[in-house]
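J.: Sharing a structure here in structure tokens format.
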Amino acid sequence: MTDHQTQPYAGPERVFSGVQPTGALHLGNYLGALKKFVALQEDHECLYCVVDLHAITVNPDPATLAQQTREIAAAYLACGLDPEKSIVFAQSSVPAHTELTWYLNCVSRMGWMERMTQFKDKAGKDAQRASVGLFDYPVLMAADILAYKATHVPVGDDQKQHLELTRDIADKFNRDFDTPNFFPLPEPLIKGPGARIMSLKDGTKKMSKSDPSDLSRINLIDDADAIVKKFKKAKTDVLGDMPETEAGLKDRPEVDNLVGIYAALAGTDKQAVLTEYGGKGFGTFKPALADLAVAHLSPITTRMRNYLDDRGEIDRVLKDGAARADTIARPIMDDVRKIIGFWRS
Ligand code: TRP
């Protein structure tokens, strides 16, 4: 090892994260990601991207892509992202993402890429028919982060491996070109309540927008009646009433998940929820959980609908965000080109 790693990265702290414009956002996205995005903007420079380039790695649909991009932007704003504080923009509107992806492709190793479990899951049995873009998805994600020299990345637990790859790519670039600390090695921000919200129908599977059963998730756009109904129908078990302690949640994944949702919404921990509801039946707990969820989500739903009715406002936010993001990325990309040694006049 050279002494590359002995000096800490000295650049400013910067937060970057992204959400794909595919399908409606749900409670898991809100508690696992968006709520954290909002908290971070209070004391960090933050970029929040709608990753439409990632969306076209599978089944691009030109008829709906732009509208889905606006929907994620509306959800960002409705959840409390303030476009004065945070930079909210679409990935495809800043050219640095695609350009840096190519340079980083030439730094990334096939062996690293072939270990990515999300590609294996998404490509399924017939990986030969998957797009090259789907395989390259993690490098595009690394480019998203490194084009801004972001140092902190709030993501779900399922993105941990991609973040580790980003660190490997950044480190290899720094070493290959002998530019110690040019790119930071970004840190994932994963932990905390709400980091992993599971399906309401199977406590061992993540809540997901691609689950065929709509009853498995609470969508941000669901109205109060739908929320109440979904919690009522949420799977529990036959092991009796609510336990009194966290130890009693062991081997009860569905109950554990509902308690976790309550705790994340109420801003407390699971034990506090069990102290209140331990020994009570689901007939008491589920309506209380539904009320809490409705109280939290209905203002978001209303704001989201209002934004979606005002396309001009969303488009203004995205355009302004793209210009601000580009201003950060441009000098970094100038340096990258110089470091690689391209001809220039
Ligand atoms: N792959 C991420 C996800 O599915 C989305 C994403 C793309 C992202 N680029 C990113 C997240 C950069 C964090 C940073 O959740």
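The values are calculated or read from the model by the stated rules, or taken from the named source; none is laboratory data. Only a predicted model underlies this, so the values are computations on that prediction, with no experimental measurement involved. Neighbour counts are summed over all protein chains in view; Cβ atoms, including those assigned to glycine, are modelled from backbone coordinates with ideal geometry. Surface areas here come from the heavy atoms of the whole protein model, side chains and all, with no ligands, DNA or RNA. Shrake-Rupley method; radii C 1.70, N 1.55, O 1.52, S 1.80 Å.
J.: Residues being within 22 Å of residue 206 (Cβ to Cβ), open to solvent by 10 Å² or more (accessible area, probe 1.4 Å) and more than 8 Å from the ligand (Cβ to nearest atom): count how many of those fall in the range 135-169.
T.: So the count comes out to 4.
J.: Which residue is most open to solvent (accessible area, probe 1.4 Å), if the candidates are limited to the range 185-202 and must be farther than 14 Å from residue 26 by Cβ, in contact with a Leu (Cβ under 9 Å, 6 or more places away or on another chain) and part of a loop (DSSP other than H, G, I, E, B)?
T.: So the residue we want is 193.
J.: In this structure, does residue 308 turn out to be open to solvent by less than 10 Å² (accessible area, probe 1.4 Å), under 20 Å from residue 75 (Cβ atoms), touching a residue at least 60 places away in the same chain (Cβ under 8 Å) and not polar (S, T, N, Q)?
T.: When the stated conditions are applied, residue 308 does not pass them.
J.: Let me ask you something else. Scan 250, 205, 280, 230 and give me the residue that is touching a residue at least 12 places away in the same chain (Cβ under 8 Å) and open to solvent by 40 Å² or more (accessible area, probe 1.4 Å).
T.: Every option except 280 fails the conditions.
J.: From 297, 265, 292, which residue is without any contact (Cβ under 8 Å) to a residue 60 or more places away in the chain and touching a Leu at 6+ places or on another chain (Cβ under 9 Å)?
T.: Just a single option satisfies the conditions, and that option is 292.
J.: Only one of 117, 57 is exposed (fewer than 13 other Cβ atoms within 10 Å of the Cβ), of a type in the set (Ser, Thr, Tyr) and modelled with pLDDT of 95 or more; which?
T.: 117
J.: With respect to residue 64, determine if the residue is touching a residue at least 24 places away in the same chain (Cβ under 8 Å) and either surrounded by fewer than 21 Cβ atoms within 10 Å (Cβ to Cβ) or within 15 Å of the ligand (Cβ to nearest atom) (or both).
T.: It is false that residue 64 is touching a residue at least 24 places away in the same chain (Cβ under 8 Å) and either surrounded by fewer than 21 Cβ atoms within 10 Å (Cβ to Cβ) or within 15 Å of the ligand (Cβ to nearest atom) (or both).
J.: Considering only the range 211-225, state which residues are open to solvent by 30 Å² or more (accessible area, probe 1.4 Å) and either in a helix (DSSP H, G or I) or over 24 Å from residue 301 (Cβ atoms) (or both).
T.: The answer is 214, 215, 224, 225.
J.: Under the condition of being open to solvent by 20 Å² or more (accessible area, probe 1.4 Å) and either within 12 Å of the ligand (Cβ to nearest atom) or not charged (D, E, K, R) (or both), which residue from the range 34-54 is nearest to residue 214 (Cα to Cα)?
T.: Ranking the qualifying residues of the range 34-54, first place goes to 36.
J.: From 88, 107, 94, grab the single residue that is surrounded by 23 or more Cβ atoms within 10 Å (Cβ to Cβ), in contact (Cβ under 8 Å) with a residue 12 or more places away in the chain and within 26 Å of residue 182 (Cβ to Cβ).
T.: Going through 88, 107, 94 in turn, the sole match is 94.
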